[in-house]
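The values are calculated or read from the model by the stated rules, or taken from the named source; none is laboratory data. These figures come from a predicted structure and were not determined experimentally. Quick reminder, even Gly has a Cβ in these numbers, built from the backbone with ideal geometry, and neighbours come from all protein chains shown. When the accessible area is computed, the model is the full protein with side chains, heavy atoms only, and any ligands, DNA or RNA have been set aside. Shrake-Rupley method; radii C 1.70, N 1.55, O 1.52, S 1.80 Å.
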Amino acid sequence: MLIMLGLLFLRCSSTINERKIFKERLNFTNCLLEEKSYNYIDVKLSKGYSIKKINTEGFCEYRFIYRDSSVFYLSSNIYRGSRLNYDNLMSIGVNGYNQRKTISSDTIKNEGINNKLYWSEYILGDFVVGYAGVKGERKSEFKGMVNNVKLLK
């Protein structure tokens, strides 16, 4: 009986952990960027978000907005990044990425804290991934989402 209860508990906790992650496939086929080596991006996200797609000057950005106002995003705009972190980037002296010549192995990482909330923006070759407005206790969760991005042709 004790073994059966233990197995039941193990099964339930495993199911709960599986439900915390959701996989999204994002369509970038109609997004502007000559250097783009992908059409889709798969990402594993923590549940509890609403999704917003933004098209600015032909560049695409997907934002995943959580109930606590934290935001995870992916963008095809490798020249300016996301408007979400514009003020944060300016505060550390970064005014866009216009001057660089892009190759698929380029990596640029900027991050910081603003009003006790974490932000980060990575330029990973030909796409941008980042987050803004993240509380300290969720920082590793958002870093995990950054690491779970996969480009697809």
Mind listing just one residue for me: the one in the range 60-74 that is modelled with pLDDT of 95 or more, hydrophobic (A, V, I, L, M, F, W, C) and open to solvent by less than 10 Å² (accessible area, probe 1.4 Å) and, of those, nearest to GLY144 (Cα to Cα)?
PHE72
Determine which single condition GLU141 fails, assuming it passes every other condition in (1) in a strand (DSSP E or B); (2) modelled with pLDDT of 90 or more.
(1)
Quick one: in the range 15-29, of everything that is at pLDDT below 90 and surrounded by 10 or more Cβ atoms within 10 Å (Cβ to Cβ), which residue is farthest from ASP126 (Cα to Cα)?
LYS20
Out of all the residues in the range 84-93, which are under 18 Å from PHE142 (Cα atoms) and either modelled with pLDDT of 90 or more or open to solvent by 10 Å² or more (accessible area, probe 1.4 Å) (or both)?
LEU84, ASN88
Going by what's in this entry, would LEU152 be described as more than 11 Å from the chain's Cα centre (by Cα), touching a residue at least 24 places away in the same chain (Cβ under 8 Å) and loosely packed, with under 14 Cβ neighbours inside 10 Å?
yes
So which of ASN77, ASN98, ASN55 is modelled with pLDDT under 95, in contact with a Ser or Thr (Cβ under 8 Å, 6 or more places away or on another chain) and not in a helix (DSSP H, G or I)?
ASN77
